Every structure is written in structure tokens, then in C-alpha cells.
Amino acid sequence: MHDVLDLAARLWPGRLAVRDGSGADTYAELADASRAVAAGLARRGIRAGDRVLLRLPGGRDFARVLYGVMRAGAVVVPVGTTVGEHHLRWMRRDAEPRLVVALGDPARTAEAVGVPATDVVSPAELLAQCGPDTGAPVPGDAVAMLLYTSGSTGMPRAVVCPHDRVRFAAEAIQARLGYNEADVVLSRVPVAFDYGLYQLFLCALSGAQLVLRPDLVDASMLREARTVAATVLPLVPSLAAILLRLARRDTGAPPVRLVTNTGAALSAAHASGLRRIFPDARIVPMYGMTECKRITIAEPDEDLRFPGTVGRPLDGTEVSVVDASGHPVAPGVTGEIVVTGPHVMAGYWRSPEATAGRFHQRAQEGVMLRTGDYGRLDEGGRLYFAGRRDDIFKRRGVRMNTHEIEAVLLDVPEVSAAAVVPPGEDGTLTAYVVSDREATEVLADVASRIEPAKVPDRCVVLPRLPTTANGKVDRDALRALEAVAP
Amino acid sequence: MTVATGGGPVPWDDSFEKLLRPLLPLLPPRTRIVPELDLVAAGLDSFGVVELLAEVEDHYGILLDDEEITAQAVESPATLWRIVSAHLTAEAPGHG
């Protein structure tokens, strides 16, 4: 993937690559810095295949070290700066990094990760001396990154991401989204989340400028977008909700031309709100998962003509919907979403059983990924997402998923957000809504719209739904509310 | 989560607490909001920050400066109240 940066440095040497709170690097500067990092790593004895854990906020240092580690043939392991000790130590045991790159007191980082202080280094130390580019070429099938993704149960698992598959995915996404050298991309999605991370690659492929300001709070996002004249905003629904709220106290739209959404479905209300704030923007719903990065991308504003679609598969890849025995179903029928193509990653790190359950080598077509997600295709090959396997459950003999109930809740007047948690051991189906109305009124409205088996037993009205660092509704936090809810 | 049960006066008026409490979904009902409460641990997420700042501005009729809208500003009720009360003093009628 550092080849992509080197090409950008040749095509657009003087264009800004990454801007953060302390300044900006051009593509030429970023490429030079990554060579310095690669030399610094070699000096420390880091070899091809060694894992290097990056516990850095998104910014120039992150980009320099990311490309430097790749150039050295070593493996980038990005870890969110808010990840707690419990998970950090698990990742250290699992990934066995030779080096940890972090800001701040190395002794504290060493303690948190559970490594000797001598294994912790700052970006500045790695950048300290320039060296010749002595590194051997990195083969395409070499592992570029381990990306941790939260499993539905247990500890996070790392998806093994080789250079050639990351590059295929990045180029296929760029072919659809069409970032260009005049674009300024303001991303508030963490770089430890693949959607945030790939913004670096999409920008390098197109000469666009990426603005990363994790030092600012989301509450200043709209102002920052105006200050940097952002043209592209990669969003998750929780960020869309923040922008909509901010727009009520703050006027003056930045020149946004493209808004992408992933992570969870963008509601029609959010989409129309975004179109109001950014009159010139086209909205692109997308769907993906770390195991193959991106699955589908809609045409700009396709959601207006085909409500709820997340678009068609990336070019050169296939999406099918299969029944329980693995046979493709007819258009319009819901089944498991299965993905085949050169973007399917190389399985889970050191987890042969988990890998065998999801990744299947096919003689002709390449690797097939069983997503564990459910959805349907239409006659035109557009995908509609129905829910994760964990979101599907049976109640009173009826199979249902949380998303269909959430969609009904959102259809109730004055309900602005809704989440449903599948029944636990006591069998109670609980809905959580944000609304000015009483819980009983909301439930009565739901009952008039949906079959009785799907009406929640209980409705809890909250001022807002808790979200995870990735902007998804935090269902664990909702479950934890059970203890204190009336 | 920090849950304080002690008494003692708080520096703010009742309405400040009324604005704050609905934005803290992880704070058990009837638990006192103390000045040093960790707002993030009490459930204040980034949307909550946006909502809180907007409501504080509306309610007190003040306009926070861009530079004041930082993570430090919403660390605890005390840090936010310091900013709000500075504006109230500076913008009080008769002083401008």
C-alpha cells in the first residue's frame, strides 16, 4: 500500500495529504517521513512480518508510521486510543507486537499494554533520522494490517489484511466514490475503525486532502467542516445525528459535495436532514464489514429511488443471498449475504476454527465470505440489509429481527431514534426510543402497525441512545440499563 | 462509574442540573449530580455534548466561543459550569 503513497508523491508532490491540529504534510513529505520511519524500524531490528502496534490518534503521525511500517514489510496493528487495558492486553497476547508506537509517557503505555518500556517508542523517535530506502520490495500477499473487530461474543478478533486485497478494495471503492485532487475529506471516524483508516488510502489514490482532528470534539464538526472547506464527509449515523443537531444552532454550510454512510443504516429522516444542511451534497449509502472491507456502495442519491438500498457489489466482486443450506434464493427473498471476490481478506489471525466457519476457498471464484448478515437483492442486483445473525430471533413461534421492529418504531410519530434488544433469558422484548411521548402511547402505535408477536413487551423512553466509539447503538449499554430501568 | 451520595452545596442553579440529568442515561435516578462527576462515565456521549452545549446556550442566553467547545469543557459539571458562569458574569445586564 506504500506504493500508492509513492505514486501520489510523484503525481501530486506539493498537494496536502494529511492535515491535523498541528499542521499539514504534503504527499512528498508524507512519503519521505514514511521512509524515515521504515529506516527507524530497521534500526530497531523490526523485520518483515513483525507486528507493530499503533496506539495513536488519527493525524500525521499515524499516517507516517502506518506507511512506514508497511514499507518495512511489517504489519500495522491499529488500536483505538480509548481501548481499555483489558482489551489492550488481549491484543498484545494475540498479536505479539515487537514494538508499540504511542504518544505520551512510554512507561504508562508499557504498563497498559503489558510490554517492557523498551518496546514502546514515540513517532518522533522513529522519524529522528532519515535513512536510505534499503527495504526489500514487499510482496503483494504479505500481510499489511491486522484489524481488530468486535465479535458478537468474547474478545475482539483480528482480520488478516494482505497488501493486494487492501489495495483491490481501496481502488474498487475509489472507482465508485470518485474522490478527486480538489477534495478535502473531513473524517471524524476513528482510524482504528477500517472506514476511518481507508480514508487515508482513498485520498492517496486520488490526491485528495484528509483532515483528521481527533483533538476536537464532535460538537465542533460543522465549524471545522466550514473552516477547512470540506467537500467530502464520511459519516456513521451517530455523526449524522450530531451534524443535524449542530445545524440547528449554527448556519452556513461548507461546500460538501459527497456524504457517505456506513456502520449502520442511515434513516430516511437523517438522509433528508443532511440534504437540507448540504444542498449540493449527494448521499451514498454503503455496507461492509472488516472481513472484506466494503461489500456494496449505492449510486449517489440512489436511496431516493430505492429506499433502504445499500447499493450494488464492488466491481469485480459478487454478492449472493443464500438459504440455510447455502443455495441462492430468488430476488426479494431474505437470506444470508455471501460475498466472493479479491477483497475478501485472509481470515482471522491465529483462529483457524473461526476462519473456517466464515471463509471458504472456492476453486474458481476465489474466497467466499459468509457474512452472518441477512438481506435481500432486488431484480436490479441492489442489496437491502435486514440484520445481523444476532439480531434475528424467534418469539411466540415467529421469526423476526430487531431491524424490522426498529423500522416500525421509527415510523411512529415523534419517535426520533429506536433500538430493540433481542429477548434475554426472561423472554422480555424491550424497545428503547427517543421521544417526547409516553412509552405506552408509543407501544399502542406500534401495535397498530405490526403483528402482535412483534410488539415489544416493554418500551423505555430515553433522552438518547448510547453509542459505541464506532457510532453504532451500544446494545450492551442498553442491556446494562435493564438493571436501573423502572 | 463514580456515584457520590454525600451532601454538600453545589455551585449551580437548579436549571443547570435539569439540563444535565436527561443527558446522563447511565446515572442511576435520584443519584446526586456532584461537581466532579465524570460525565462520560455517566453516559454523556458526543451527541449529548452537542445537545448540552446548545441547551445551555439557549437557557442562559449566552454564546460559547468556538475555542471553549473542547473535551475539557465537558469533563465534569464543574468544568462546564465554570465556563457558563464566566459568561453569565461577563454578559450580565449592566456590565456590558
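The values are calculated or read from the model by the stated rules, or taken from the named source; none is laboratory data. Please read these numbers as outputs of a predicted model, since none were measured by experiment. Neighbour counts are summed over all protein chains in view; Cβ atoms, including those assigned to glycine, are modelled from backbone coordinates with ideal geometry. To get the accessible areas, we keep the full protein, side chains included, count just its heavy atoms, and leave off ligands, DNA and RNA. Shrake-Rupley method; radii C 1.70, N 1.55, O 1.52, S 1.80 Å.
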Seminar exercise, completed: Within region A:456-472, the residues that are away from every other protein chain (no Cβ under 11 Å) and under 18 Å from the mean Cα position of the chain (by Cα) are A:470, A:472
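For (1) under 17 Å from the mean Cα position of the chain (by Cα); (2) within 26 Å of residue A:157 (Cβ to Cβ); (3) facing another protein chain (nearest Cβ under 10 Å), each residue gets a yes or a no:
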site: A:192; (1), (2), (3): yes, yes, no
site: A:196; (1), (2), (3): yes, yes, no
site: A:199; (1), (2), (3): yes, yes, no
site: A:206; (1), (2), (3): no, no, no
site: A:210; (1), (2), (3): yes, no, no
site: A:219; (1), (2), (3): no, no, yes
site: A:226; (1), (2), (3): no, no, no
site: A:230; (1), (2), (3): no, no, no
site: A:245; (1), (2), (3): no, no, yes
For this session: Find the residue count for region B:18-37, including only residues that are charged (D, E, K, R) and more than 14 Å from chain A (Cβ to nearest Cβ).
Result: 2
Problem set entry | Number of positions in region A:1-50 that are crowded, with 19+ Cβ neighbours inside 10 Å and either touching a Pro at 6+ places or on another chain (Cβ under 8 Å) or part of a strand (DSSP E or B) (or both) | 9
Exercise. For region A:291-396, list the strands (runs of 3 or more DSSP E) that sit wholly inside it and hold at least 1 residues that are touching a Phe, Trp or Tyr at 6+ places or on another chain (Cβ under 7 Å); which are they?
Worked result: A:309-313, A:335-340, A:366-377, A:383-388, A:392-395
For this session: For region A:329-378, name all the residues that are acidic (Asp, Glu) and under 13 Å from residue A:319 (Cα atoms).
Result: A:336, A:365, A:373, A:378
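Quick grid of which residues meet (1) at the interface with chain A (Cβ under 10 Å from one of its Cβ atoms); (2) among the aromatic types (Phe, Trp, Tyr); (3) open to solvent by 20 Å² or more (accessible area, probe 1.4 Å):
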{"site": "B:54", "(1), (2), (3)": "yes, no, no"}
{"site": "B:57", "(1), (2), (3)": "yes, no, no"}
{"site": "B:62", "(1), (2), (3)": "no, no, no"}
{"site": "B:67", "(1), (2), (3)": "yes, no, yes"}
Problem set entry | Residue among A:109, A:81 that is part of a loop (DSSP other than H, G, I, E, B) and in contact (Cβ under 8 Å) with a residue 12 or more places away in the chain | A:81
Exercise. Looking only at residues in region B:31-52 that are under 10 Å from the mean Cα position of the chain (by Cα) and open to solvent by 10 Å² or more (accessible area, probe 1.4 Å), which one is farthest from residue A:245 (Cα to Cα)?
Worked result: B:35
For this session: Could you please find all residues in region A:428-453 being at pLDDT 85 or above, open to solvent by less than 20 Å² (accessible area, probe 1.4 Å) and more than 10 Å from every other protein chain (Cβ to nearest Cβ)?
Result: A:429, A:430, A:431, A:433, A:435, A:442, A:446
Problem set entry | Top-ranked residue in region A:291-308 [being touching a residue at least 60 places away in the same chain (Cβ under 8 Å) and hydrophobic (A, V, I, L, M, F, W, C); ranked as most open to solvent (accessible area, probe 1.4 Å)] | A:306
For this session: Take the residues in region B:70-91 that are farther than 25 Å from residue A:474 by Cα and open to solvent by less than 10 Å² (accessible area, probe 1.4 Å), then tell me which one is nearest to the other protein chains (Cβ to nearest Cβ).
Result: B:80
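Residue-by-condition table, conditions (1) assigned to a loop (DSSP other than H, G, I, E, B); (2) at positive phi; (3) open to solvent by less than 10 Å² (accessible area, probe 1.4 Å); (4) touching a residue at least 12 places away in the same chain (Cβ under 8 Å):
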{"position": "A:249", "(1), (2), (3), (4)": "yes, no, no, no"}
{"position": "A:255", "(1), (2), (3), (4)": "yes, no, no, yes"}
{"position": "A:259", "(1), (2), (3), (4)": "no, no, yes, yes"}
{"position": "A:265", "(1), (2), (3), (4)": "yes, no, no, yes"}
{"position": "A:272", "(1), (2), (3), (4)": "no, no, no, no"}
{"position": "A:275", "(1), (2), (3), (4)": "no, no, no, no"}
{"position": "A:285", "(1), (2), (3), (4)": "no, no, no, yes"}
{"position": "A:289", "(1), (2), (3), (4)": "yes, no, no, yes"}
